[in-house]
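Let me begin by presenting the structure, written as structure tokens, before commenting on it.
The values are calculated or read from the model by the stated rules, or taken from the named source; none is laboratory data. Only a predicted model underlies this, so the values are computations on that prediction, with no experimental measurement involved. Methodologically, a virtual Cβ is constructed for each residue, glycine included, from the backbone with ideal geometry; neighbour enumeration extends over all protein chains shown. Note: areas computed on protein heavy atoms with side chains; ligands, DNA, RNA excluded. Shrake-Rupley method; radii C 1.70, N 1.55, O 1.52, S 1.80 Å.
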Amino acid sequence: MNLEQKLDRIVLRAEELRAMLAAGVDGERFVAASRELAEIEPVEQQILLLRAAERARDEAEAARADPELRELADAELDSLRETLPRLEHEIRLALLPRDAADERPAILEIRPAAGGDEAALFAAELFAAYRRYADLRGWRFEILDYTETELGGLREGIAEITGRAVFARLKFESGVHRVQRVPATETQGRIHTSTVTVAVLPEAEDVDVEVNEADLRIDVFRASGAGGQHVNKTESAVRITHLPTGIVVAMQEERSQHKNRAKAMKILRARLYEQTRAAAAAGRAADRKSQVGTGDRSERIRTYNFPQGRVTDHRINLTLHKIDRVMLGEFDEIIDALTEEDQAARLAAAGA
């Protein structure tokens, strides 16, 4: 089926769905038809704009035969030569297979890796930068767990980010983030290199992951140490171990054991869901090669070089000399470039 046939089918399907809804279908059929129409109607509108532009082009080309209209027709054609390719490109992008998780909230996990105290300090700064980014996007940023070191660094930070298309915007942030700078404790002025791991997981719904209670070992203990925001004498902290996979989630942020358990289960479901997604992606080797990154937290993706004031994303060879703005949460320029690169690769893989 060529592109024109695909576009014709989308327009026809949108008309069929509107007719179904106008006929008064109810119950599940109404919900399903409404949802499908909401998904394809924006594409239909782009197709109708494209068809209108194509008709205008044909009319302008015909008008060139009239000497009195030729100048106006040429001006119209010049405009349409920019409009038509843009509309075609937007439609091809809209027809690419969508990641079912793109519209979901996300679980953000940040931990220091190599570099000791300096890695922990940068982990805290990066966590704060993503929080500012969420604020700029109008998203809700809820801290699920935040464990500090004695020097004010971050041992582990986990947050739930809720809003429109959160996972779509953040999914390429998973990986190793490297920082190069002179630590405050460095007396010789030497630049140190440290690393932080970032994981962005789409939040799972109950229907995505079936968790059998028999597969869980749940331990309760007292919140303690520099990491406990609410250190107390009751056993409110919870540790859940998923026995089949060995995944362990510990939570002590809340005073309530019940709340800690609920948060731990949310993180567990997200990790299990991501594990399922990763296994499915591994079976699509060709598709993985077309992606900007694998999302593997062991892959070094970005360097923050403070002495030179630059941020470099190694996957797309993008360097920005505005590290201060990025650390204030202005990630959009990087994320837009990553998204465009991914879309271009997928278009090429699809032969578009």
> Taking GLY138 and the conditions (1) loosely packed, with under 15 Cβ neighbours inside 10 Å; (2) on the phi < 0 side of the Ramachandran plot, which numbered condition does it fall short on, given that it satisfies the others?
Replying inline: (2)
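Restricting to the range 52-69, name every residue that is free of Cβ contacts under 8 Å to residues at least 24 places away in the same chain and of a type outside the set (A, V, I, L, M, F, W, C). Quick ask: steps written out before the conclusion?
First pass over the range 52-69, keeping only residues free of Cβ contacts under 8 Å to residues at least 24 places away in the same chain: 52, 55, 58-69.
If the condition is that a residue be free of Cβ contacts under 8 Å to residues at least 24 places away in the same chain and of a type outside the set (A, V, I, L, M, F, W, C), then ARG55, ASP58, GLU59, GLU61, ARG64, ASP66, PRO67, GLU68 are the ones that fit.
Yes/no per residue for (1) of a type in the set (Val, Ile, Thr); (2) modelled with pLDDT of 85 or more; (3) touching a Phe, Trp or Tyr at 6+ places or on another chain (Cβ under 9 Å); (4) part of a loop (DSSP other than H, G, I, E, B):
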position	(1), (2), (3), (4)
VAL231	yes, no, no, yes
THR234	yes, no, no, yes
VAL238	yes, yes, yes, no
THR245	yes, yes, no, yes
ARG255	no, no, no, yes
GLN275	no, no, no, no
> In the range 6-50, how many residues are open to solvent by 40 Å² or more (accessible area, probe 1.4 Å) and touching a residue at least 24 places away in the same chain (Cβ under 8 Å)?
Replying inline: 7
>> Name the residue that is modelled with the lowest pLDDT, counting only residues in the range 201-224 that are surrounded by fewer than 13 Cβ atoms within 10 Å (Cβ to Cβ) and out of contact with any strand residue (DSSP E or B) (no Cβ under 7 Å at 6 or more places or on another chain).
In response: SER224
> Of the residues that make up the range 19-39, is at least one of a type outside the set (Ser, Thr, Tyr), more than 30 Å from the chain's Cα centre (by Cα), closer than 21 Å to LEU96 by Cβ and in a helix (DSSP H, G or I)?
Replying inline: no
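Would you be able to tell me the number of residues in the range 70-107 that are assigned to a helix (DSSP H, G or I) and either touching a residue at least 24 places away in the same chain (Cβ under 8 Å) or touching a helix residue (DSSP H, G or I) at 6+ places or on another chain (Cβ under 6 Å) (or both)? Explain how you work it out, then say what you get.
So in the range 70-107, the residues assigned to a helix (DSSP H, G or I) come out as 70-95.
Going one step further and asking which of them are either touching a residue at least 24 places away in the same chain (Cβ under 8 Å) or touching a helix residue (DSSP H, G or I) at 6+ places or on another chain (Cβ under 6 Å) (or both), we end up with 73, 76-77, 80, 83-84, 87-88, 90-95.
Summing the residues that are assigned to a helix (DSSP H, G or I) and either touching a residue at least 24 places away in the same chain (Cβ under 8 Å) or touching a helix residue (DSSP H, G or I) at 6+ places or on another chain (Cβ under 6 Å) (or both) in the range 70-107 gives 14.
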>> Which count do you get for residues in the range 108-134 that are free of Cβ contacts under 8 Å to residues at least 60 places away in the same chain and over 25 Å from THR339 (Cα atoms)?
In response: 2
>> Between a residue in the range 135-157 that is hydrophobic (A, V, I, L, M, F, W, C) and assigned to a strand (DSSP E or B) and any residue that is open to solvent by 30 Å² or more (accessible area, probe 1.4 Å) and at pLDDT below 90, which pairs come within a Cβ distance under 7 Å, given they are 6 or more apart or on different chains?
In response: LEU154/GLU148
> From the set of residues in the range 95-115 that are loosely packed, with under 15 Cβ neighbours inside 10 Å and not charged (D, E, K, R), which is modelled with the highest pLDDT?
Replying inline: ALA114
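Can you tell me how many residues in the range 161-170 are part of a strand (DSSP E or B) and open to solvent by 10 Å² or more (accessible area, probe 1.4 Å)?
Step one: of the range 161-170, the residues part of a strand (DSSP E or B) are 161-162.
Right, trim to open to solvent by 10 Å² or more (accessible area, probe 1.4 Å) and you get 162.
Residues in the range 161-170 being part of a strand (DSSP E or B) and open to solvent by 10 Å² or more (accessible area, probe 1.4 Å): 1 in total.
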> Does GLU59 satisfy being open to solvent by 70 Å² or more (accessible area, probe 1.4 Å) and either of a type in the set (Asp, Glu) or at pLDDT 90 or above (or both)?
Replying inline: yes
>> Quick check on the range 301-352: of everything there that is in contact (Cβ under 8 Å) with a residue 40 or more places away in the chain and of a type in the set (Ser, Thr, Tyr), which residue is surrounded by the most Cβ atoms within 10 Å (Cβ to Cβ)?
In response: TYR304
> Within the range 171-190, is there a residue that is in contact with a helix residue (DSSP H, G or I) (Cβ under 7 Å, 6 or more places away or on another chain), open to solvent by 30 Å² or more (accessible area, probe 1.4 Å) and not polar (S, T, N, Q)?
Replying inline: no
